[in-house]
Amino acid sequence: AWYVPCLASLETLQELCRKENLRCKSIGITNRSLKSYEVEYLCDYKVEEGKAYYLVKWKGWPESSNTWEPRKHLNCPLLLQNFLRDKNEYLSRVREGKAMKVRNHVKALKPAIADYIVKKAKQRIALQRWKEELNRKKNHKAMILVENTVDLEGPPLDFYYINEYKPAPGINVLNGITTGCECADCPAEKCCPKEAGFILAYNKRKKLKIQPGLPIYECNSYCRCGPDCPNRIVQKGTPYSLCIFRTNNGRGWGVKTLQKIKTNSFVMEYVGEVITSEEAERRGQLYDNQGNTYLFDLDYDSDEFTVDAARYGNVSHFVNHSCDPNLQVFNVFIDNLDLRLPRIALFSTRTIKAGEELTFDYQMKGSIDLTSDSAEGLSPSKKRIRTVCKCGAVCCRGYLN
(Lines give C-alpha, C1' and ligand atoms only; values in the text may rest on other atoms or scores of the structure.)
Protein backbone atom coordinates (compact mmCIF):
# COMPACT_ATOMS: atom_id res chain seq x y z
CA ALA A 1 0.00 0.00 0.00
CA TRP A 2 1.07 3.60 -0.64
CA TYR A 3 1.02 6.13 2.19
CA VAL A 4 1.21 9.89 1.76
CA PRO A 5 1.10 12.61 4.44
CA CYS A 6 -2.29 14.20 4.89
CA LEU A 7 -2.27 17.88 3.92
CA ALA A 8 -5.54 18.68 5.71
CA SER A 9 -5.39 20.41 9.09
CA LEU A 10 -6.59 18.70 12.25
CA GLU A 11 -9.61 20.99 12.41
CA THR A 12 -10.57 20.12 8.81
CA LEU A 13 -10.40 16.40 9.58
CA GLN A 14 -12.48 16.94 12.72
CA GLU A 15 -15.06 18.85 10.67
CA LEU A 16 -15.32 15.96 8.23
CA CYS A 17 -15.77 13.44 11.04
CA ARG A 18 -18.48 15.48 12.73
CA LYS A 19 -20.24 16.13 9.43
CA GLU A 20 -20.35 12.39 8.66
CA ASN A 21 -20.91 11.41 12.33
CA LEU A 22 -17.67 9.39 12.38
CA ARG A 23 -15.38 8.62 15.33
CA CYS A 24 -11.60 8.80 15.08
CA LYS A 25 -9.66 8.55 18.33
CA SER A 26 -6.33 9.53 16.69
CA ILE A 27 -7.63 13.03 15.89
CA GLY A 28 -9.66 13.43 19.07
CA ILE A 29 -13.17 12.60 17.83
CA THR A 30 -14.70 10.09 20.26
CA ASN A 31 -18.24 9.45 21.50
CA ARG A 32 -17.56 11.89 24.31
CA SER A 33 -16.07 14.67 22.20
CA LEU A 34 -18.25 14.27 19.11
CA LYS A 35 -20.62 16.93 20.46
CA SER A 36 -18.07 19.10 22.27
CA TYR A 37 -17.93 22.82 21.46
CA GLU A 38 -15.00 25.26 21.63
CA VAL A 39 -14.93 28.74 20.10
CA GLU A 40 -12.44 28.92 17.23
CA TYR A 41 -13.11 32.52 16.26
CA LEU A 42 -15.92 35.10 16.12
CA CYS A 43 -17.40 35.95 12.72
CA ASP A 44 -19.98 38.72 13.19
CA TYR A 45 -21.84 40.91 15.68
CA LYS A 46 -25.37 42.26 16.07
CA VAL A 47 -27.61 43.84 18.66
CA GLU A 48 -31.15 42.49 18.79
CA GLU A 49 -33.77 43.75 21.23
CA GLY A 50 -31.04 45.42 23.25
CA LYS A 51 -28.91 42.26 23.60
CA ALA A 52 -25.50 41.75 21.94
CA TYR A 53 -24.88 38.55 19.95
CA TYR A 54 -21.75 37.15 18.31
CA LEU A 55 -21.66 34.68 15.42
CA VAL A 56 -19.42 31.83 16.59
CA LYS A 57 -17.29 29.49 14.47
CA TRP A 58 -16.92 26.32 16.53
CA LYS A 59 -13.54 24.59 16.46
CA GLY A 60 -13.67 21.31 14.55
CA TRP A 61 -17.17 22.03 13.21
CA PRO A 62 -18.07 23.13 9.65
CA GLU A 63 -19.12 26.74 9.09
CA SER A 64 -22.68 25.54 8.51
CA SER A 65 -22.76 24.88 12.28
CA ASN A 66 -22.00 28.51 13.19
CA THR A 67 -24.44 29.92 15.77
CA TRP A 68 -25.33 33.30 17.23
CA GLU A 69 -24.49 33.38 20.94
CA PRO A 70 -25.09 36.08 23.58
CA ARG A 71 -22.03 37.69 25.11
CA LYS A 72 -22.61 35.97 28.47
CA HIS A 73 -22.16 32.53 26.84
CA LEU A 74 -18.67 33.36 25.63
CA ASN A 75 -15.67 32.64 27.82
CA CYS A 76 -12.97 33.64 25.33
CA PRO A 77 -11.56 37.09 26.21
CA LEU A 78 -8.63 36.83 23.79
CA LEU A 79 -10.90 36.01 20.85
CA LEU A 80 -13.20 38.90 21.78
CA GLN A 81 -10.18 41.17 21.93
CA ASN A 82 -9.03 39.99 18.48
CA PHE A 83 -12.53 40.54 17.09
CA LEU A 84 -12.72 44.13 18.34
CA ARG A 85 -9.17 44.91 17.22
CA ASP A 86 -9.83 43.57 13.72
CA LYS A 87 -13.06 45.56 13.48
CA ASN A 88 -11.35 48.78 14.55
CA GLU A 89 -8.44 48.10 12.21
CA TYR A 90 -10.78 47.77 9.25
CA LEU A 91 -12.68 50.94 10.19
CA SER A 92 -9.49 52.91 10.58
CA ARG A 93 -8.30 51.80 7.14
CA VAL A 94 -11.44 52.64 5.21
CA ARG A 95 -12.34 55.60 7.43
CA GLU A 96 -15.85 54.39 8.02
CA GLY A 97 -17.70 55.37 11.12
CA LYS A 98 -20.36 53.53 13.05
CA ALA A 99 -22.07 50.19 12.52
CA MET A 100 -24.97 50.37 10.10
CA LYS A 101 -28.58 50.21 11.23
CA VAL A 102 -31.10 47.78 9.79
CA ARG A 103 -34.78 47.19 10.34
CA ASN A 104 -36.35 45.94 13.58
CA HIS A 105 -33.96 48.13 15.54
CA VAL A 106 -31.10 45.65 14.94
CA LYS A 107 -27.55 46.99 14.81
CA ALA A 108 -25.14 44.92 12.78
CA LEU A 109 -21.74 45.13 11.18
CA LYS A 110 -21.55 45.89 7.50
CA PRO A 111 -20.92 42.70 5.47
CA ALA A 112 -17.51 43.99 4.35
CA ILE A 113 -16.40 44.42 7.98
CA ALA A 114 -17.63 40.96 8.99
CA ASP A 115 -15.91 39.46 5.94
CA TYR A 116 -12.64 41.16 6.90
CA ILE A 117 -12.90 39.92 10.49
CA VAL A 118 -13.40 36.32 9.32
CA LYS A 119 -10.50 36.54 6.88
CA LYS A 120 -8.29 38.01 9.59
CA ALA A 121 -9.26 35.24 12.02
CA LYS A 122 -8.50 32.55 9.43
CA GLN A 123 -5.19 34.25 8.63
CA ARG A 124 -4.28 34.35 12.32
CA ILE A 125 -4.94 30.61 12.64
CA ALA A 126 -2.98 29.83 9.45
CA LEU A 127 0.02 31.90 10.58
CA GLN A 128 -0.04 30.24 14.00
CA ARG A 129 0.02 26.79 12.36
CA TRP A 130 2.86 27.90 10.10
CA LYS A 131 4.86 29.17 13.08
CA GLU A 132 4.38 25.84 14.84
CA GLU A 133 5.48 23.98 11.70
CA LEU A 134 8.62 26.11 11.32
CA ASN A 135 9.59 25.54 14.95
CA ARG A 136 9.02 21.79 14.63
CA LYS A 137 11.31 21.57 11.62
CA LYS A 138 14.16 23.89 12.68
CA ASN A 139 17.29 22.31 14.16
CA HIS A 140 18.37 25.15 16.46
CA LYS A 141 17.18 26.30 19.88
CA ALA A 142 16.16 29.87 19.00
CA MET A 143 12.48 30.53 18.21
CA ILE A 144 10.92 31.56 14.91
CA LEU A 145 7.91 33.89 15.10
CA VAL A 146 5.51 34.98 12.35
CA GLU A 147 3.71 38.33 12.16
CA ASN A 148 1.45 40.11 9.68
CA THR A 149 -0.17 43.39 10.73
CA VAL A 150 -0.16 44.79 7.19
CA ASP A 151 -2.53 42.77 4.98
CA LEU A 152 -4.40 39.47 4.69
CA GLU A 153 -1.53 37.48 3.19
CA GLY A 154 -1.12 34.04 4.73
CA PRO A 155 1.76 31.55 4.71
CA PRO A 156 3.46 30.92 1.34
CA LEU A 157 1.80 27.96 -0.37
CA ASP A 158 4.85 26.51 -2.13
CA PHE A 159 7.65 26.81 0.43
CA TYR A 160 9.22 23.94 2.36
CA TYR A 161 11.46 24.51 5.36
CA ILE A 162 14.83 22.72 5.35
CA ASN A 163 17.90 23.01 7.56
CA GLU A 164 20.63 22.12 5.07
CA TYR A 165 21.29 21.98 1.35
CA LYS A 166 18.90 19.86 -0.71
CA PRO A 167 20.93 18.59 -3.69
CA ALA A 168 19.27 18.20 -7.06
CA PRO A 169 19.57 14.72 -8.61
CA GLY A 170 23.18 13.95 -9.55
CA ILE A 171 24.75 16.50 -7.18
CA ASN A 172 26.70 15.27 -4.14
CA VAL A 173 27.15 17.86 -1.38
CA LEU A 174 29.06 15.51 0.99
CA ASN A 175 32.49 15.07 -0.49
CA GLY A 176 35.92 14.16 0.76
CA ILE A 177 36.03 14.70 4.54
CA THR A 178 37.40 11.63 6.35
CA THR A 179 39.65 13.12 9.05
CA GLY A 180 39.60 15.94 11.57
CA CYS A 181 41.95 17.78 13.88
CA GLU A 182 43.47 16.12 16.95
CA CYS A 183 43.37 19.28 19.08
CA ALA A 184 42.52 18.84 22.74
CA ASP A 185 41.95 22.59 22.98
CA CYS A 186 41.30 24.36 19.66
CA PRO A 187 42.82 26.28 18.06
CA ALA A 188 46.20 24.56 17.94
CA GLU A 189 48.89 24.63 15.28
CA LYS A 190 47.34 21.73 13.39
CA CYS A 191 43.71 22.83 13.72
CA CYS A 192 41.38 22.72 10.70
CA PRO A 193 41.91 26.31 9.44
CA LYS A 194 45.72 25.95 9.55
CA GLU A 195 45.55 22.63 7.72
CA ALA A 196 43.59 24.40 4.97
CA GLY A 197 46.12 27.23 4.83
CA PHE A 198 44.03 29.90 6.57
CA ILE A 199 43.76 31.50 10.01
CA LEU A 200 41.05 30.76 12.57
CA ALA A 201 37.98 32.84 11.67
CA TYR A 202 36.83 33.59 15.24
CA ASN A 203 38.29 35.40 18.23
CA LYS A 204 38.03 34.31 21.89
CA ARG A 205 34.53 35.84 22.13
CA LYS A 206 33.44 33.65 19.17
CA LYS A 207 33.08 36.72 16.95
CA LEU A 208 34.31 36.88 13.37
CA LYS A 209 37.78 38.39 12.96
CA ILE A 210 38.55 37.80 9.27
CA GLN A 211 37.84 40.08 6.32
CA PRO A 212 35.05 39.44 3.76
CA GLY A 213 36.21 37.17 0.96
CA LEU A 214 38.25 34.86 3.20
CA PRO A 215 36.82 31.38 3.86
CA ILE A 216 35.83 29.94 7.22
CA TYR A 217 37.04 26.42 8.07
CA GLU A 218 35.26 25.01 11.11
CA CYS A 219 36.02 21.80 12.98
CA ASN A 220 34.04 18.85 11.65
CA SER A 221 32.42 15.60 12.79
CA TYR A 222 35.77 13.76 12.68
CA CYS A 223 37.56 16.28 14.92
CA ARG A 224 38.61 15.33 18.43
CA CYS A 225 37.24 18.55 19.98
CA GLY A 226 33.78 18.65 21.54
CA PRO A 227 30.66 20.76 20.94
CA ASP A 228 32.04 23.66 23.02
CA CYS A 229 34.98 24.11 20.66
CA PRO A 230 35.37 27.84 19.77
CA ASN A 231 35.69 26.81 16.12
CA ARG A 232 32.13 25.45 15.94
CA ILE A 233 29.80 28.38 15.30
CA VAL A 234 27.89 28.13 12.01
CA GLN A 235 27.18 24.42 12.46
CA LYS A 236 25.19 25.12 15.65
CA GLY A 237 22.55 27.13 13.80
CA THR A 238 21.23 30.62 14.51
CA PRO A 239 21.40 31.57 18.20
CA TYR A 240 18.88 34.41 17.87
CA SER A 241 15.09 34.35 17.94
CA LEU A 242 13.85 35.79 14.66
CA CYS A 243 10.49 36.97 13.31
CA ILE A 244 9.23 36.57 9.75
CA PHE A 245 7.06 39.64 9.26
CA ARG A 246 5.05 41.30 6.50
CA THR A 247 6.66 44.55 5.31
CA ASN A 248 4.52 47.65 4.78
CA ASN A 249 6.24 48.97 1.65
CA GLY A 250 5.61 46.27 -0.92
CA ARG A 251 8.68 44.11 -0.26
CA GLY A 252 6.61 41.09 0.81
CA TRP A 253 7.90 39.17 3.82
CA GLY A 254 11.00 40.20 5.73
CA VAL A 255 12.95 39.03 8.78
CA LYS A 256 13.69 40.98 11.95
CA THR A 257 15.67 40.00 15.01
CA LEU A 258 13.97 39.81 18.39
CA GLN A 259 17.31 40.09 20.21
CA LYS A 260 20.27 42.45 20.05
CA ILE A 261 23.01 41.14 17.76
CA LYS A 262 26.58 42.31 18.28
CA THR A 263 28.99 43.14 15.46
CA ASN A 264 30.61 40.20 13.63
CA SER A 265 28.18 37.64 15.05
CA PHE A 266 26.87 34.64 13.12
CA VAL A 267 23.17 35.13 12.38
CA MET A 268 21.97 32.42 9.96
CA GLU A 269 22.84 30.17 7.05
CA TYR A 270 21.48 30.54 3.54
CA VAL A 271 20.21 27.12 2.43
CA GLY A 272 18.16 25.84 -0.47
CA GLU A 273 18.20 23.46 -3.39
CA VAL A 274 21.66 23.00 -4.97
CA ILE A 275 21.37 23.10 -8.76
CA THR A 276 23.72 23.51 -11.70
CA SER A 277 24.42 26.99 -13.06
CA GLU A 278 22.72 26.02 -16.33
CA GLU A 279 19.53 25.14 -14.46
CA ALA A 280 19.89 28.34 -12.44
CA GLU A 281 19.93 30.40 -15.64
CA ARG A 282 16.73 28.74 -16.82
CA ARG A 283 14.97 29.30 -13.47
CA GLY A 284 16.33 32.81 -13.23
CA GLN A 285 14.45 33.87 -16.34
CA LEU A 286 11.21 32.66 -14.72
CA TYR A 287 11.94 34.33 -11.38
CA ASP A 288 12.76 37.64 -13.07
CA ASN A 289 9.35 37.66 -14.74
CA GLN A 290 7.79 37.14 -11.30
CA GLY A 291 9.94 39.84 -9.68
CA ASN A 292 11.54 37.31 -7.30
CA THR A 293 15.22 36.70 -6.57
CA TYR A 294 16.28 33.52 -4.75
CA LEU A 295 19.33 32.31 -6.71
CA PHE A 296 22.63 32.38 -4.84
CA ASP A 297 25.73 31.63 -6.93
CA LEU A 298 28.32 29.40 -5.23
CA ASP A 299 31.23 31.13 -6.95
CA TYR A 300 33.93 30.88 -4.28
CA ASP A 301 36.06 28.68 -6.56
CA SER A 302 33.95 28.22 -9.69
CA ASP A 303 30.52 28.97 -11.14
CA GLU A 304 29.41 25.36 -11.36
CA PHE A 305 26.61 25.37 -8.76
CA THR A 306 23.89 27.69 -7.46
CA VAL A 307 21.60 27.58 -4.41
CA ASP A 308 17.92 28.10 -5.20
CA ALA A 309 15.88 28.98 -2.10
CA ALA A 310 12.61 29.67 -3.93
CA ARG A 311 10.81 26.48 -2.80
CA TYR A 312 13.21 24.96 -0.27
CA GLY A 313 14.93 27.06 2.36
CA ASN A 314 15.04 28.32 5.93
CA VAL A 315 14.40 31.75 7.46
CA SER A 316 16.99 33.28 5.11
CA HIS A 317 14.49 32.77 2.25
CA PHE A 318 12.60 35.79 3.64
CA VAL A 319 15.58 38.12 4.23
CA ASN A 320 15.28 41.18 1.98
CA HIS A 321 17.94 42.98 0.00
CA SER A 322 19.43 46.30 0.99
CA CYS A 323 22.09 48.42 -0.66
CA ASP A 324 23.18 49.31 2.90
CA PRO A 325 22.88 45.90 4.62
CA ASN A 326 23.58 44.77 8.17
CA LEU A 327 24.58 41.23 7.15
CA GLN A 328 27.64 40.04 5.20
CA VAL A 329 28.12 36.79 3.25
CA PHE A 330 30.92 34.33 4.08
CA ASN A 331 31.84 30.95 2.59
CA VAL A 332 32.10 28.14 5.16
CA PHE A 333 33.59 24.64 4.97
CA ILE A 334 32.83 22.05 7.65
CA ASP A 335 32.05 18.44 6.67
CA ASN A 336 32.54 19.16 2.97
CA LEU A 337 35.83 20.52 1.62
CA ASP A 338 34.67 20.72 -2.00
CA LEU A 339 35.51 24.32 -2.97
CA ARG A 340 32.63 24.30 -5.45
CA LEU A 341 30.08 23.75 -2.66
CA PRO A 342 30.71 26.07 0.30
CA ARG A 343 28.03 26.63 2.91
CA ILE A 344 26.83 30.26 2.96
CA ALA A 345 26.77 32.04 6.32
CA LEU A 346 25.46 35.52 7.11
CA PHE A 347 27.29 37.54 9.79
CA SER A 348 26.37 40.94 11.24
CA THR A 349 28.37 43.90 9.95
CA ARG A 350 27.41 46.11 12.91
CA THR A 351 25.35 46.05 16.08
CA ILE A 352 21.73 45.27 15.21
CA LYS A 353 19.01 46.36 17.62
CA ALA A 354 16.14 44.11 18.73
CA GLY A 355 13.23 44.65 16.33
CA GLU A 356 15.46 45.76 13.45
CA GLU A 357 15.06 44.16 10.02
CA LEU A 358 17.88 41.93 8.77
CA THR A 359 19.15 42.54 5.23
CA PHE A 360 22.03 41.67 2.97
CA ASP A 361 23.24 42.89 -0.40
CA TYR A 362 22.19 40.56 -3.21
CA GLN A 363 25.20 41.80 -5.23
CA MET A 364 27.84 40.78 -2.70
CA LYS A 365 30.60 38.54 -3.98
CA GLY A 366 29.26 34.99 -3.91
CA SER A 367 25.79 36.38 -3.38
CA ILE A 368 22.39 36.23 -5.01
CA ASP A 369 21.90 36.53 -8.75
CA LEU A 370 24.00 38.49 -11.26
CA THR A 371 25.53 41.91 -10.67
CA SER A 372 24.56 44.70 -13.04
CA ASP A 373 28.16 44.83 -14.32
CA SER A 374 28.30 41.14 -15.23
CA ALA A 375 24.83 41.28 -16.77
CA GLU A 376 26.04 43.83 -19.33
CA GLY A 377 28.50 41.29 -20.74
CA LEU A 378 25.93 38.59 -21.38
CA SER A 379 24.52 37.68 -24.76
CA PRO A 380 21.03 39.09 -25.49
CA SER A 381 19.44 35.70 -24.83
CA LYS A 382 20.91 35.62 -21.33
CA LYS A 383 20.36 39.24 -20.29
CA ARG A 384 18.06 39.36 -17.29
CA ILE A 385 15.16 41.64 -16.48
CA ARG A 386 16.28 44.21 -13.92
CA THR A 387 14.27 44.21 -10.68
CA VAL A 388 13.64 47.59 -9.05
CA CYS A 389 15.08 47.93 -5.53
CA LYS A 390 12.81 49.19 -2.73
CA CYS A 391 15.34 49.11 0.12
CA GLY A 392 15.07 52.87 0.76
CA ALA A 393 18.75 53.26 1.65
CA VAL A 394 20.42 56.61 0.97
CA CYS A 395 22.98 54.78 -1.20
CA CYS A 396 20.34 52.71 -3.04
CA ARG A 397 21.54 51.64 -6.52
CA GLY A 398 17.96 51.44 -7.84
CA TYR A 399 18.00 47.77 -8.85
CA LEU A 400 18.43 44.39 -7.15
CA ASN A 401 20.48 42.99 -10.04
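Could you check the range 155-174 and list, in sequence order, the residues that are over 30 Å from ALA121 (Cβ atoms) and open to solvent by 70 Å² or more (accessible area, probe 1.4 Å)?
Result: GLU164, LYS166, PRO169, GLY170, ASN172, LEU174.
Conditions first: (1) within 23 Å of GLY60 (Cα to Cα); (2) part of a helix (DSSP H, G or I); (3) touching a residue at least 24 places away in the same chain (Cβ under 8 Å). LEU152 passes all but one, so which condition is the exception?
(2)
When the residues of the range 296-318 are narrowed to those that are in a strand (DSSP E or B) and free of Cβ contacts under 8 Å to residues at least 40 places away in the same chain, which ends up surrounded by the fewest Cβ atoms within 10 Å (Cβ to Cβ)?
Once the filter is applied, the top-ranked residue is ASP308.
Cβ-Cβ below 6 Å, separation at least six or inter-chain, first residue in the range 224-238 and more than 17 Å from VAL332 (Cβ to Cβ), second surrounded by fewer than 16 Cβ atoms within 10 Å (Cβ to Cβ): which pairs?
Filtered contacts from the range 224-238: ARG224/GLU182.
Can you tell me how many residues within the range 106-121 are surrounded by 16 or more Cβ atoms within 10 Å (Cβ to Cβ) and assigned to a helix (DSSP H, G or I)?
Residues flagged as surrounded by 16 or more Cβ atoms within 10 Å (Cβ to Cβ) and assigned to a helix (DSSP H, G or I) within the range 106-121 amount to 7.
Answer with yes or no whether LEU55 is of a type outside the set (Val, Ile, Thr) and open to solvent by less than 30 Å² (accessible area, probe 1.4 Å).
no
Against the conditions (1) open to solvent by less than 70 Å² (accessible area, probe 1.4 Å); (2) at pLDDT below 95, where does LYS141 fall short? Just the number, please.
It fails just one condition, (1).
State all residues of the range 59-73 that are under 27 Å from ASN21 (Cβ atoms) and surrounded by fewer than 20 Cβ atoms within 10 Å (Cβ to Cβ); if no residue qualifies, say none.
LYS59, PRO62, GLU63, SER64, SER65, ASN66, THR67, TRP68, GLU69, HIS73
Would a scan of the range 220-235 turn up a residue that is modelled with pLDDT of 95 or more, buried (at least 16 other Cβ atoms within 10 Å of the Cβ) and not in a loop (DSSP other than H, G, I, E, B)?
yes
Tell me which of these LYS194 doesn't satisfy, since it passes every other one: (1) open to solvent by 70 Å² or more (accessible area, probe 1.4 Å); (2) farther than 27 Å from GLY291 by Cβ; (3) assigned to a loop (DSSP other than H, G, I, E, B).
Going through (1) open to solvent by 70 Å² or more (accessible area, probe 1.4 Å); (2) farther than 27 Å from GLY291 by Cβ; (3) assigned to a loop (DSSP other than H, G, I, E, B) one by one, LYS194 breaks only (3).
Are any residues in the range 282-323 basic (Lys, Arg) and more than 16 Å from the chain's Cα centre (by Cα), and if so, which ones?
ARG282, ARG283
Hey, could you check the range 258-280 for residues that are open to solvent by less than 30 Å² (accessible area, probe 1.4 Å) and touching a Leu at 6+ places or on another chain (Cβ under 6 Å) and say which is nearest to ASN326 (Cα to Cα)?
For the range 258-280, the residue satisfying everything is VAL267.
Across the range 335-354, what is the number of residues that are surrounded by 22 or more Cβ atoms within 10 Å (Cβ to Cβ) and outside any strand (DSSP E or B)?
Result for the range 335-354: 2.
The values are calculated or read from the model by the stated rules, or taken from the named source; none is laboratory data. These numbers come from a predicted model, not from an experiment. FYI the Cβ positions are ideal-geometry reconstructions off the backbone, even for glycines, and counts take in every protein chain you see. For accessibility, only protein heavy atoms count, side chains too; no ligands or nucleic acids. Shrake-Rupley method; radii C 1.70, N 1.55, O 1.52, S 1.80 Å.
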